[in-house]
Each structure stands twice: as structure tokens, then as C-alpha cells.
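The block underneath contains the structure these notes are about, expressed in C-alpha cells.
The values are calculated or read from the model by the stated rules, or taken from the named source; none is laboratory data. Predicted, not measured: the structure shown is a model, and the values here were computed from it. Glycine gets a Cβ as well: all are built from the backbone with ideal geometry, and neighbour counts include every protein chain shown.
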Ligand code: ZN
Ligand code: CA
């Protein structure tokens, strides 16, 4: 049954989000060409470099309307690094029956300090679009291509006055790379400050990044009890919840995990990812977004340490660098790297 999930192509779930007050997320589920549930040992925290694009009107100075302050943007990173490490202050609100599966997902996020050309940056691009509302089509087809940084190496997040609350794309061959990334309505970005109820605690971005890293909603791509989210430790659930339900709520013969970040309830009532979701997200990074593991978008973050590889008996590889001279520990497809050996020799390598 689980395999069915991987054959659902481009299913927009926006039709499921018509209730007043529900998180209105129109993420696009894609076919994933790998198994998200392969058990992998996760020993290192993965840090994902992020590029923020603030879409605002010309007459909005920083701090006005859509033109979010740097502080508002930075507050979003505090939330992400709490939510994905289970350092959120409301972990004690997780019902005890779900504590055994509540996960430190071992994923962190940094505002990029190095742009794709290797130059210093504050990681924030401000983009003027003089319209009261931004359609998803205009954002995807015009604003994104004009502002995106190489999505192989950066998570791009746009904040804009969209009609939905947020949307994201799973990694897929079916989605053009210029559209990849996460969009969050500007009024629901960051913690407090200009963020508005009921999504004023920064979990909208947490939710959308969950999709970006291969997660479905907890109730699955469809309502009902037959097709779930493909994650074994999130209980089967009939449909989404909204507002802030009292605990417990039951459907499909079990207690529902409506406080999971991948449900639709208010920010104040969300507090966990599960171990199964953690595995799925790391599988998605390794198989669907491997470039994130070798990005130099955040130079302050130590790259993955290079392992000494015996290429020939009499010389050892001490460093591999890319064409920009940056140290790279793993190669990707169609990449040229220069291997530097301890005897001073250099070898040009092409990986196909
Ligand atoms: Zn969603
Ligand atoms: Ca499940």
C-alpha cells in the first residue's frame, strides 16, 4: 500500500483546505524515485543553507507591510532550529502516547553567508513587485526564476502576499528546478513581531519545509483511512484538523496526532515531528537533495570532513576541491573535482 504514494504525480491538495481557520497549504506531492523509509543511521546534524527572498511593494520600507525586517527573518531560523531539533519550548505539550516517537530530526538551518558566486551575503534578497496579491503562477514563473539561487545547494524561501498560506514542492524530476523551494505568506513568517494569529509562531515554514523534505500531510495525500502518509509512526487519520482541538481526537481506529507539524492546526498547538518523518526527511536529502550536503552556502558551518581515501598505494588524497577552489567532500553527478594528493600531485576527476 505504501508504494502507491510514490506513484501519485503532481497532486495538489489545496482542495482539502477550504475550512475557515485551517492552514491553507497547497503543496504539490510528487513521485519520489526512492524509498523514504529505508532505515539509515543518522549520526550528523545536517545544516541546510537558506536564501530568503522578501517580495514587497515599492512603497514599503523595511519593516513596513510585506517588507519584513531582518529580525523577523532571523526569528524564523530560531523556530526552525528548535522544531527540527525538538528544542521547541512546548515539547511538554506532546501527549505521552506520542513521546516514544517524538524526534530530534537532526536538521538545522542557516541563513546563507556565501552566495552562489562565493561572495559574502546576508542571505536576504528583497524583490519589488507592485501588486497587492501575488498569484502562485506569477511567483513560480516570473519571480522565482529572477531570484532563485541554485536550488541544488540552497533552500530558497520566498515570503509574499499569496492567497494561500504556504506551498512547497517535493524534490522531483517533474518540477522545474527554477520553481523549487518553499513559499510562505509574509504574514505568517517568523515568530511574533509582524506575524499574525493563528500562525504567528513560525511553524508555517516548518510545515512547508517538511513537504520540501518529502513529507505528506499526516492524513496523507487524500482524506480517508486507506491511503496514509506512508509513515508508520504517524497514526492513520481521516482528515486534517484545524484551530486547536482538545486531546484526544480519534479517527481510523486510533488517536490522531493532530499536533504534528504536518497537520493544519494553529501554530500554538503544533509540537512534533516523528522518528519516521525524520528518516523520511534524511532519505529525501540523501537521495533527492544531495547537493545540500556539500553546499558552502554557510561558510561558518564546517563542511563534512573529508575521509582519507587510498587512491594508489604510494599517495593519499588529502583534499578535493571544485572548480571554484572550494573543498568538497562528496561528488555529485556530472561534477568536475580536482583531487590533491599528499605528494603534491593534482588529478582532475569527472564524475558521471
Ligand atoms: Zn501542507
Ligand atoms: Ca501514517
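One table, with the values for the structure above:
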item: Given (1) in a loop (DSSP other than H, G, I, E, B); (2) more than 16 Å from ligand 2 (Cβ to nearest atom), number of the condition residue 209 does not satisfy; result: (1)
item: Flag for residue 160 being surrounded by 18 or more Cβ atoms within 10 Å (Cβ to Cβ) and either closer than 29 Å to residue 283 by Cβ or touching a strand residue (DSSP E or B) at 6+ places or on another chain (Cβ under 6 Å) (or both); result: yes
item: Which numbered condition residue 136 fails, given (1) touching a helix residue (DSSP H, G or I) at 6+ places or on another chain (Cβ under 7 Å); (2) within 16 Å of ligand 1 (Cβ to nearest atom); result: (1)
item: Only listed residue being assigned by TED's automatic domain parsing to the domain that holds residue 239, at pLDDT 75 or above, more than 20 Å from the chain's Cα centre (by Cα) and crowded, with 18+ Cβ neighbours inside 10 Å, chosen from 23, 36, 66; result: 66
item: Flag if residue 198 is in a loop (DSSP other than H, G, I, E, B), more than 16 Å from ligand 2 (Cβ to nearest atom) and either modelled with pLDDT of 95 or more or crowded, with 23+ Cβ neighbours inside 10 Å (or both); result: yes
item: Residue in segment 214-221 that is within 19 Å of residue 297 (Cβ to Cβ) and surrounded by 20 or more Cβ atoms within 10 Å (Cβ to Cβ) present; result: no
item: Unmet criterion (only one of (1) within 16 Å of the chain's Cα centre (by Cα); (2) modelled with pLDDT of 95 or more; (3) within 16 Å of ligand 1 (Cβ to nearest atom)) for residue 148; result: (3)
item: Residue that is in contact (Cβ under 8 Å) with a residue 12 or more places away in the chain, within 12 Å of ligand 2 (Cβ to nearest atom) and in the same structural domain as residue 104 (by TED's automatic domain parsing), where the choices are 214, 276; result: 276
item: Condition broken by residue 254, with the remaining ones in (1) modelled with pLDDT of 95 or more; (2) surrounded by fewer than 15 Cβ atoms within 10 Å (Cβ to Cβ); (3) more than 16 Å from ligand 2 (Cβ to nearest atom) satisfied; result: (3)
item: Out of 232, 163, sole residue that is more than 15 Å from residue 264 (Cβ to Cβ) and within 16 Å of ligand 1 (Cβ to nearest atom); result: 163
item: Residues located in segment 230-250, provided they are within 13 Å of ligand 2 (Cβ to nearest atom) and free of Cβ contacts under 8 Å to residues at least 40 places away in the same chain; result: 235, 236, 237, 238
item: Answer residue from segment 166-191, given it is farther than 27 Å from residue 71 by Cα and under 12 Å from the mean Cα position of the chain (by Cα) and is nearest to ligand 1 (Cβ to nearest atom) among those; result: 170
item: Failed criterion for residue 227 (all others in (1) assigned to a loop (DSSP other than H, G, I, E, B); (2) at pLDDT 95 or above; (3) more than 16 Å from residue 210 (Cβ to Cβ) hold); result: (2)
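Here is a yes/no grid of residues against (1) within 16 Å of ligand 1 (Cβ to nearest atom); (2) assigned to a loop (DSSP other than H, G, I, E, B); (3) at pLDDT below 95; (4) closer than 19 Å to residue 204 by Cα:
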| position | (1), (2), (3), (4) |
| --- | --- |
| 268 | no, no, no, yes |
| 277 | yes, no, no, yes |
| 292 | no, no, no, no |
| 301 | no, yes, yes, no |
| 305 | no, yes, yes, no |
| 308 | no, yes, yes, no |
